[in-house]
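What follows draws every value from the coordinates through simple rules; no lab data is involved. Small disclaimer: the values here were computed from a predicted structure and weren't measured. With ideal geometry, Cβ positions are generated from the backbone for all residues, glycine too; neighbour counts draw on all protein chains shown.
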Amino acid sequence: MRRYSDVTGHALMMPGHGLEFWQSKLRYENQEELMAVAREYKRRDIPIDVIVCDYFHWPLQDDWDWDTTAWPNPESMAKEPETMKIKLIVSVWPTVDKRSRSFSEMVERGYLVHVDCGIHTTRD
């Protein structure tokens, strides 16, 4: 394995935060809820390295943007955890809503998964 790795390349060491405590839950409903959890960890002096903003922070799947009603200031949400020495990870899902901005283009360019048989995963 050592010789093989010498030829093909050695894996990089995972960054420290990748091996430490990550706070995640099924879904934070909005920016304030996520930040309140991060602040509470710090208030209680509980070690936390990463907090994950998981899914449905977007208007439609594939818009890959923020729903500004629930997430009014993503820039500040990204900066505040840094001041607490917490990394913010934002989950991006590879799903596409037919109503999203890029759906038509993705269909035209053949970027979406196709099925040869069985049931399509989207509905008309």
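The stretch 25-46 and the stretch 48-78 have Cα centres separated by 14 Å.
Result for the chain in a Gaussian network model with C-alpha springs under 10 Å: among 47, 74, 94, the largest mean-square fluctuation is at 94. Taking Lys and Arg as +1 and Asp and Glu as -1, the other residues whose beta-carbon sits under 11 Å from that of residue 63 total -2. Springs between Cα atoms under 10 Å define the GNM used for the chain, and in it the highest mean-square fluctuation of 19, 88, 60 occurs at 19. Taking 0.36 nm per residue of separation and subtracting the Cα-Cα distance, full extension of the segment from residue 30 to residue 76 would add 15.2 nm.
Pairs of lysine residues in the chain that meet both criteria, 8 or more places apart or on different chains and Cα atoms under 28 Å apart, total 9. Percent of C-alpha pairs per 5 Å bin in the stretch 66-106, short distances first: 6, 17, 18, 18, 17, 11, 8, 4, 1.
Once the trypsin sites (Lys or Arg not before Pro) in DSSP loops with at most 11 neighbouring Cβ atoms within 10 Å are cut out of the chain, the longest remaining piece is 45-84.
When only C-alpha pairs under 8 Å and at least 6 residues apart count, what is the relative contact order of the stretch 17-94, in percent? If you can, show how the numbers build up before the last one.
Values: 102 pairs, mean separation 28.3, N = 78.
Reported relative contact order: 36 percent.
Calculate the FRET efficiency for residue 69 and residue 89 from the Cβ-Cβ distance with a Förster distance of 25 Å, rounded to the nearest 0.05. According to the calculation, E is roughly 0.70.
Normalised by residue count, the chain yields a Cα convex hull volume of 201 Å³ per residue.
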